[in-house]
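Peer 1: Next up is a structure, given as structure tokens.
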Amino acid sequence: MNNSYIALGSNIEPRETYLQQAVSTLNNCPSLTVVKQSSVYETVPVGYTKQADFLNMVIEVASSLSALELLDLCQTIEQELGRKRTVRFGPRTVDLDILMHNQENRETERLTLPHPRMLERAFVLVPLCEIAPDLMVPATGKTILDYRHELSGSETDGVVFWPGSNPADD
Ligand SMILES: Nc1ncnc2c1ncn2[C@@H]1O[C@H](COP(=O)(O)OP(=O)(O)OP(=O)(O)O)[C@@H](O)[C@H]1O
Ligand SMILES: Nc1nc2c(c(=O)[nH]1)N=C(CO)CN2
């Protein structure tokens, strides 16, 4: 079994529905189980800032898929849910980024692991820290909680708990 973490984001309405559809489509795949899911957070856009706020969350999945098979699956789901690639870092119905796949470290044209921007993104680290604070980041000797502590107050201020989304409330 392989253990992976996936970050989900949406900033085109209905944002919450897009996130839920992506999670249930993944969970319906026979080769994959969603093991944990974070709360949803509303987050200010990072990078290309003239766009609507995002909803972001992170999930942990167990699967028999290789990292590239998981990337294929994530890209198929993005396409099914109507994602159009126009502006780099721009608006999207749903974006699925593979953050980590086991403790794999790789840098290829199609796939870099861990995700190259995950450790500087409050919209990733806050939800990831909720479900995996003790997860070790390959080749760093540091945990997600360590990186979460390194975020500035202004970065974490842009990540706000989205009411009603805590899976423990179900
Ligand atoms: N860990 C990864 N997870 C998902 N895609 C990746 C990863 N590493 C490299 N890629 C490649 O990045 C390409 C661009 O992805 P995408 O369009 O989702 O980028 P983006 O969401 O605009 O920016 P970002 O990658 O910073 O979130 C994909 O086609 C994919 O091949
Ligand atoms: N808040 C927020 N900002 C972003 C996001 C995102 O998911 N959330 N995704 C980006 C490209 O993947 C660029 N900027």
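All of the numbers you see were taken from the coordinates with simple rules; none came from a lab. As the structure is a prediction and not an experimental result, all values here were calculated from the model. Quick reminder, even Gly has a Cβ in these numbers, built from the backbone with ideal geometry, and neighbours come from all protein chains shown.
Peer 1: So which trypsin sites (Lys or Arg not before Pro) in segment 1-88 pass both tests, a DSSP loop state and at most 15 other Cβ atoms within 10 Å of the Cβ?
Peer 2: The qualifying sites are 50, 84, 85, 88.
Peer 1: From the backbone phi of segment 36-47, what are the Karplus-calculated ³J(HN,Hα) couplings (6.51 cos²θ - 1.76 cosθ + 1.60, θ = phi - 60°) in whole Hz, Gly and Pro given as x?
Peer 2: 9, 9, 7, 5, 9, 10, 8, 9, 6, x, 10, x
Peer 1: Just to be sure I understand: if I project the alpha-carbon convex hull of the chain onto a plane and average over all orientations, what area do I get in nm²?
Peer 2: Working: hull surface 38.3 nm².
Quarter of the Cα hull surface area: 9.6 nm².
Peer 1: Percent of Cα-Cα pairs more than 15 Å apart in segment 7-67, please.
Peer 2: Numbers: 966 of 1830 pairs.
Counting every Cα pair in segment 7-67, those more than 15 Å apart make up 53 percent.
Peer 1: Can you give me the Cα centroid spacing of segment 113-166 and segment 1-66 in angstrom?
Peer 2: 14 Å
Peer 1: Can you work out the Karplus-derived ³J(HN,Hα) for every residue in segment 140-156? Use 6.51 cos²θ - 1.76 cosθ + 1.60 with θ = phi - 60°, whole Hz, and x for glycine or proline.
Peer 2: 10, x, 10, 9, 4, 4, 4, 5, 4, 5, 7, 5, 7, x, 5, 5, 6
Peer 1: Then there's this: In segment 22-131, which GluC sites (Glu not before Pro) are in a loop and have at most 16 other Cβ atoms within 10 Å, using DSSP for the loop call? Could the numbers behind the result be given before it?
Peer 2: Numbers: sites: 42, 60, 69, 78, 80, 104, 107, 109, 120, 130; in loops: 104, 109.
Qualifying residues, ordered by number: 104, 109.
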